[in-house]
Structure formats: C-alpha cells, structure tokens
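Heads up: the structure comes next, in structure tokens.
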Amino acid sequence: MRGGNGIRLRVNPIACTAHGMCAELLPELIGLDPWGYPLVPDGPVPSHLAEHARRAAAACPTLALLIEDSMAGRRSGGRHAG
C-alpha cells in the first residue's frame, strides 16, 4: 500500500482516555484493544485514507490521535491537524 503523502498516525497514550471515536471514524486502520484503547498500525497511511485520518485526528475528544507528516517534518493532531 502506498502512503498518503508521508503521513502516519500516532497515539499519545497519556492523553488517550479510550473513547474509541477514532476506531469508529477510521475502522480501516484503527482497532481497539480489550480496554478500548486504539491500536494504530506502524506505517504510512494509505493515500486513499489520508483525509479520513486527518478527520479522525481532528475529532479526537482528548486530542490524543496525532498525524505525523514526514514530508513537512511536523506533527499535528486534534483540532490543529492540517
């Protein structure tokens, strides 16, 4: 699978409180462990899911889902995703 312009998903385990919204919004990439915490794949987000990944990060109630953009050399998440 090809990456979505070099973006990757990461979870801040300190900020995450297991709402599970990310898995509901992006079930193609995010699963949940037995306690409801997200399981995010280690690798680039496929191009066709890049915009969905950005929306899921923006919708995270605790801003714990982060987008790492290796092409731009920056990290963003939550309502600051761009």
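Just so it is clear, none of the values below were taken in a lab; they were calculated from the coordinates. Please read these numbers as outputs of a predicted model, since none were measured by experiment. Glycine gets a Cβ as well: all are built from the backbone with ideal geometry, and neighbour counts include every protein chain shown.
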Query raised in the report: Does Leu49 satisfy the condition of being surrounded by 15 or more Cβ atoms within 10 Å (Cβ to Cβ), at positive phi and not acidic (Asp, Glu)?
Result: no
Requested in this report: Looking only at the range 19-29, decide whether some residue is buried (at least 17 other Cβ atoms within 10 Å of the Cβ), in contact with an Asp or Glu (Cβ under 9 Å, 6 or more places away or on another chain) and not hydroxyl-bearing (Ser, Thr, Tyr).
Outcome: no
**Report entry** Boolean, Ala58 is in a loop (DSSP other than H, G, I, E, B) and of a type in the set (Gly, Ala, Ser)
**Finding:** no
